[in-house]
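K.L.:
Next up is a structure, given as structure tokens.
The values are calculated or read from the model by the stated rules, or taken from the named source; none is laboratory data. Keep in mind that what you see is a predicted model, and the values were worked out from it rather than measured. Don't worry about glycine lacking a Cβ; one is built from the backbone with ideal geometry, like all the others, and counts go over all protein chains shown.
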Amino acid sequence: MALSKNKGSFLSIFSITLSLLFVTYAEVNGQTAQLIDDPRFTVDATAAIDSLYNRNNVAARELLLPWRETYPDHPLWKLWEGMELWWELLEDLAIDDYDELFIETMKEADYRARQVLQNEPDHIDALIVISVSNSYIARLHSNRKRWITSLQIGRVGYQAHLRLMEVKPDLADNYFAEGMKLYYSAYVVEEYPIVRPFASFLPDGNRESGMQFLREAIDKALFARPEAVYFLATIQFHYEENFTDAKDLFRLLVDKYPDNGYYRRLYMHTLAQLREYPSMISFHNETFIHWQDQQLKRDPVMESELYYWVGRSYYFHLDSASAYRSFVNSVESARDLRNRENRIYVTQAAYFAGRVSEDLGRAEEAIQYYKIAASQKTASEVINRAKNRLKELDG
């Protein structure tokens, strides 16, 4: 499939466009050396990316340290700092502790890249850093539901990408960028006509062509491969409703990055969508055994979600005792999480803990958990059900 030169929700989902195309530079006779084609750098950068995605920042930094010591002033390192912060954000979007620092870090990466462009206008490294840093900022604004800001900032990254396509059209990772561009250009226009005036700079899109480019990126890209898998899985799950393909793709990520709790949460959610209840129980056990065997840092967000989903599986199989333990564990896992009142899995787990408590004849415990659910601020339908049950039990 030939590469053309020619966003979530909106452009912000396109935001990751070139997120993992890393090159560096060194001042040699006033020129900036390119390392994108250096196989030594490719090996180290690919391994560092895998370590980052497997939530091992220390290993990633060690792999990149020789390059950082040799070329200490290039903008890649500030971009890398931003990517480490991004994973802290992504693993718990219910809090915003890192938002300001993340945005400032990515802005600094953008600034340093523009300093390079002042002397070398079409420098590939700088174009990539500008595209990536602005696209990540746009994605964060999207996650915070600041749609217009996301579009405006994402446009900066998109313009840098267009120039990069002209300067380096044979870059294999461009398949990922083209796939994202084609799919979400079409998706935004089809599904969100209200934003068309703000997305007028987007090219004509094609959903199927976009997905095909992403498939090619999974096969051919060096640095963008994990993002291609993630976004194709996300597209299949949320937009195409092809849950079986989404499951297979998320499983690829779990197998490749077993220490990444975020990917495990997505995979479990997909199993639940497919109602593969025995697989949900098996995967829950697999995950907790892995965390224990590898002595990994506790991930209460992952724990709470997985306990909830396995509780639903037991609930479906009418195993009330196991369902009760799982729902209670879900609530307890989240007890020390900040902003707990806005966590949907706490609401749902507490409500179902109340339901199962009733099934087991434990009215007082049911009231306890219904009160937790009723005090939440998200999942209004579930909150109302909990309040109704409280009225019934109190009556």
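K.L.:
Considering only segment 289-395, give the helices (runs of 4 or more DSSP H) lying wholly within it that have at least 3 residues that are hydroxyl-bearing (Ser, Thr, Tyr) and either touching a Cys at 6+ places or on another chain (Cβ under 7 Å) or outside the structural domain of ASP96 (by TED's automatic domain parsing) (or both).
P.N.:
Passing ranges, in order: 300-316, 320-333, 344-359.
K.L.:
Here's another thing I want to ask about it. So, of the residues in segment 145-161 that are of a type in the set (A, V, I, L, M), out of contact with any Leu (no Cβ under 7 Å at 6 or more places or on another chain) and buried (at least 17 other Cβ atoms within 10 Å of the Cβ), which turns out to be farthest from ALA126 (Cα to Cα)?
P.N.:
ILE153
K.L.:
Before we move on, is GLU104 in contact with a Phe, Trp or Tyr (Cβ under 7 Å, 6 or more places away or on another chain) and not aliphatic (A, V, I, L, M)?
P.N.:
no
K.L.:
Okay, next question. Collect the residues in segment 40-75 that are hydroxyl-bearing (Ser, Thr, Tyr), over 24 Å from the mean Cα position of the chain (by Cα) and part of a helix (DSSP H, G or I), keeping them in residue-number order.
P.N.:
Listed by number, the list holds a single entry, THR70.
Conditions (1) within 21 Å of SER304 (Cα to Cα); (2) assigned to a helix (DSSP H, G or I), marked per residue:
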residue: TRP87; (1), (2): yes, yes
residue: ASP97; (1), (2): yes, no
residue: GLU100; (1), (2): no, yes
residue: ALA109; (1), (2): no, yes
residue: ALA113; (1), (2): no, yes
residue: ASP125; (1), (2): no, yes
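K.L.:
Under 8 Å between Cβ atoms, which residue pairs at least 6 apart in sequence (or on different chains) link something in segment 229-249 that is polar (S, T, N, Q) with a partner that is not in a helix (DSSP H, G or I)?
P.N.:
Final answer for the pair search is GLN236/ASN242; THR244/LEU274.
K.L.:
Output yes when any residue across segment 153-169 is of a type in the set (Val, Ile, Thr) and farther than 26 Å from PHE213 by Cβ, and no when none is.
P.N.:
Within segment 153-169, not a single residue is of a type in the set (Val, Ile, Thr) and farther than 26 Å from PHE213 by Cβ.
K.L.:
Shifting gears a bit: Find all pairs meeting these conditions: Cβ atoms under 6 angstrom apart; at least six residues apart or on different chains; first residue within segment 85-106 and in the same structural domain as SER142 (by TED's automatic domain parsing) and modelled with pLDDT of 95 or more; second residue small (Gly, Ala, Ser) and buried (at least 20 other Cβ atoms within 10 Å of the Cβ).
P.N.:
Partner pairs satisfying both residue conditions: THR105/GLY82; MET106/GLY82; MET106/SER133.
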